[in-house]
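Okay, so here's the structure we're looking at.
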Amino acid sequence: MRFSPTGPRLPRAVWLLIVARAVNRLGAFSLPFLAVLITTRFGASAATAGLVAAAFGLATIPSRLAGGRLADTLGRRRTMVVGLSGCALAQLGIAAADSLAAAACFAVLLGLVFELYEPPSQAMIADAVGPGERIRAYSLLNAALAVAGLGAGLIAAGLGRWDLRWLFVADAVTCLICAAVVPVVLPADRPDAAGPAREGAKQVRPWRDGALLALLASGTLFALVYLQIMITLPLSLAHRDLQPADAGLLLAASAGVIVLGQPLLRLKRLAALSAPVAFTAGYSLLALGLSGYALAHTLGAFLAATLVWSLGDLLLVGRMYAVVAELAPGGGTGRYMAVYGTSWGIAGIAAPVTGTQLLQHSGATVLWGTMAGVCLALAAVQPVLARTATHRTRLASEVAGPEAGAQGHRATRSP
């Protein structure tokens, strides 16, 4: 399977979707403060606040799966509006809650709607562009979300000093703005496809697709490693007698690499890489960068390691979703994206426990050395998984025949 990011200009709908997601991500600065709000406003213990946060994380898993099913049956745009509106309602509820029980209920509700818009937005990109353009489209989405995440942190630093509840109010407002804009700027759900989609829903069984489940397993390990950087990097800096807040500078540098590196994906040599080679290179760069974390004792060394693993991230993320999109049968892109996306929910539950335990009992060197070892293992097995997915996709294309292929091409180009 060879993807070429050097194709024609991306459709207007893709750019509008990327902008809409970035605006929404810019407002997603309240969640890191959920536990803090619960402890300061209601006097709950840190353990209780952690349970509420864990309940939210657990609820995001069925949320993503529901988003995938609704995307393939109800429609991409409608599902995104439902998810964004639900997020706004739940966050306003958290801000207005006058008891711990009410705040916990709204936190769980937020988890149940939080991931609804993720699968339809990913599926809409697969609908709008051909296979050769998907790497670039998904990579641009990843870059936009990375930059917006940094902006979200700056906004949170300002509003959070005033009143933590206003973080949730502001986040709700951005969700409502996006919910209002999405129906105006994004392509309408095709009413003529609703009937076939419902019939096709009965035939799409992502949980029985061995190739997808293998990608899910490797994606979960990738997410586990990636979340360690988000969660334990500040703690790791403190272990090396550096300022934990410097993690913000390192993450900003990573976002810069992802954004500035986008033109590299259009170079002929990188565009010609097969999926197995690209995955091997990406995970190897991740392993090299995290090995640098294991050895680093200065901010400069941490920065150099960050630049290295960020290049690996640049090679991996867009291609991962492009492979899953190719693997999905007709009418099942949303559900395939949703199942693969549960990797982040699973890792979100496991990462805080594994990372902090390794750091506390074994130290920063063992923590990052272990993560580097996981990446090396992924570099070794990922080519086999990619070839399996490629073989499955090729067989499906041969069985479907040229007429089905022509219909699929027309579907990706319809508004």
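The values are calculated or read from the model by the stated rules, or taken from the named source; none is laboratory data. Bear in mind the structure is a predicted one, so any value in this text is a computation, not a measurement. Neighbour counts are summed over all protein chains in view; Cβ atoms, including those assigned to glycine, are modelled from backbone coordinates with ideal geometry. To get the accessible areas, we keep the full protein, side chains included, count just its heavy atoms, and leave off ligands, DNA and RNA. Shrake-Rupley method; radii C 1.70, N 1.55, O 1.52, S 1.80 Å.
Just add up the charged neighbours of residue 342: K/R +1, D/E -1, any other residue whose Cβ is under 10 Å from the Cβ of residue 342.
Values: positive: 64; negative: 115.
Once all neighbours under 10 Å are counted, the net charge is 0.
Sorted by packing (mean other beta-carbon atoms within 10 Å per residue), highest first, where do 328-338, 215-225 land?
Those peptides, ordered most packed to least, come out 328-338, 215-225.
Express the carbon and sulfur contribution to the solvent-accessible surface of segment 307-392 as a percent, rounded to the nearest whole number, probe 1.4 angstrom.
Numbers: 1990 of 2840 Å².
Using a 1.4 Å probe with all protein chains present, segment 307-392 comes out at 70 percent carbon and sulfur.
Net charge of the neighbourhood of residue 24, taken over other residues with C-beta under 13 Å away and scored Lys/Arg +1, Asp/Glu -1, is -1. Protein heavy-atom accessible surface, 1.4 Å probe, per residue over segment 13-84: 40 Å². Computed with a 1.4 Å probe on the full set of protein chains, the accessible area for residue 359 sits at about 10 Å².
Scanning residues 5 or more positions from residue 115 or on other chains, those with amide H under 5 Å from its amide H are 64, with H placed 1.01 Å from N in the peptide plane. Note on residue 173/residue 301: beta-carbon distance plugged into 1/(1 + (r/R0)^6) with R0 of 25 Å gives a FRET efficiency of 0.05. Residue separation of residue 163 and residue 98 scaled by 0.36 nm, minus their Cα-Cα distance, works out to 21.9 nm of gained length. Residue 74 sits with roughly 70 Å² accessible to a 1.4 Å probe, with DNA, RNA and ligands left out of the calculation.
Shape class of segment 275-367 from the alpha-carbon gyration tensor: oblate, with a/c at 1.5 or above and b/c at least as large as a/b.
Packing order of peptides 95-101, 244-250, highest average first: 244-250, 95-101 (average count of other Cβ atoms within 10 Å over each peptide's residues). Looking at segment 295-362, the accessible area is 33 square angstrom per residue; that uses a 1.4 Å probe and ignores ligands, DNA and RNA.
What is segment 53-188 by shape, rounded, prolate or oblate, if you read a ≥ b ≥ c off the alpha carbon gyration tensor as root eigenvalues and call it rounded for a/c under 1.5, prolate for a/b larger than b/c, and oblate otherwise?
Numbers: a/c = 2.06, a/b = 1.51, b/c = 1.36.
It is prolate, given that a/c is not under 1.5 and a/b is the larger ratio.
Probe radius 1.4 Å, ligands and nucleic acids left out: which of 39, 60 has the largest accessible area, and how do the rest follow? Can you show the working numbers first?
Details: 39 45, 60 15 Å².
Descending accessible area places them as 39, 60.
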